[in-house]
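See below for the structure under consideration.
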Amino acid sequence: MNERDPSGDAPVPSFGEAMAELEQILERIEGEEVDVDGLAAELRRASELLELARDKIRRAEVDDDDDDVKTRPTAVMSAVELDESTVRHIGEIGDIAGEMRIAIGIIATPASAAQEVADRLIAAGVTSILNFAPTIVTVPPEVSLRKVDLAVELQILSFYQQRRGSDRPVLPPGATMAPPSG
């Protein structure tokens, strides 16, 4: 936390600190601890924190001239420290998988990057893939693939939450949701 905001008054929070503060703001709003006047201030601070997080991710992006891939933070990054996590360039996946003997890979990218990431994981020797990307990827028969559709999973959880009779609203007032089929 060596950075300072432009006015020099306060230190700029780390990525993790910004996310933690956003969670606290959300909890206060959801818990109805904020009056109408305070809501505007909370939303302004949340907007500042989101912009800070976006800026930190943008600064971590690099152009990948070698692989003819457009810059995107989920698939093309240099080794960057974001709190305790190290984000490494996708081009290093072969070395990383070999060093760490990785057998299972997880894809959590935009749809446009998912197949490329799957191909790189397979080329690196990964034999099982869990795909969270909102698209279908193809893999050879010897690779196990599971697709997780987060929208469907959230819908299922919301259905069970409603059946439980929770006093916390799951859907906006007036919205309805059909129970999951199957």
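The values are calculated or read from the model by the stated rules, or taken from the named source; none is laboratory data. On a predicted model such as this, the values are computed, not experimentally measured, just so you know. Cβ sites come from the backbone with ideal geometry, for glycine too, and all protein chains shown count toward neighbours.
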Qualifying residue in segment 164-173 (condition: of a type outside the set (A, V, I, L, M) and at pLDDT 75 or above): yes
Identity of the residue in segment 1-22, loosely packed, with under 10 Cβ neighbours inside 10 Å and under 26 Å from the mean Cα position of the chain (by Cα), that ends up modelled with the highest pLDDT: 2
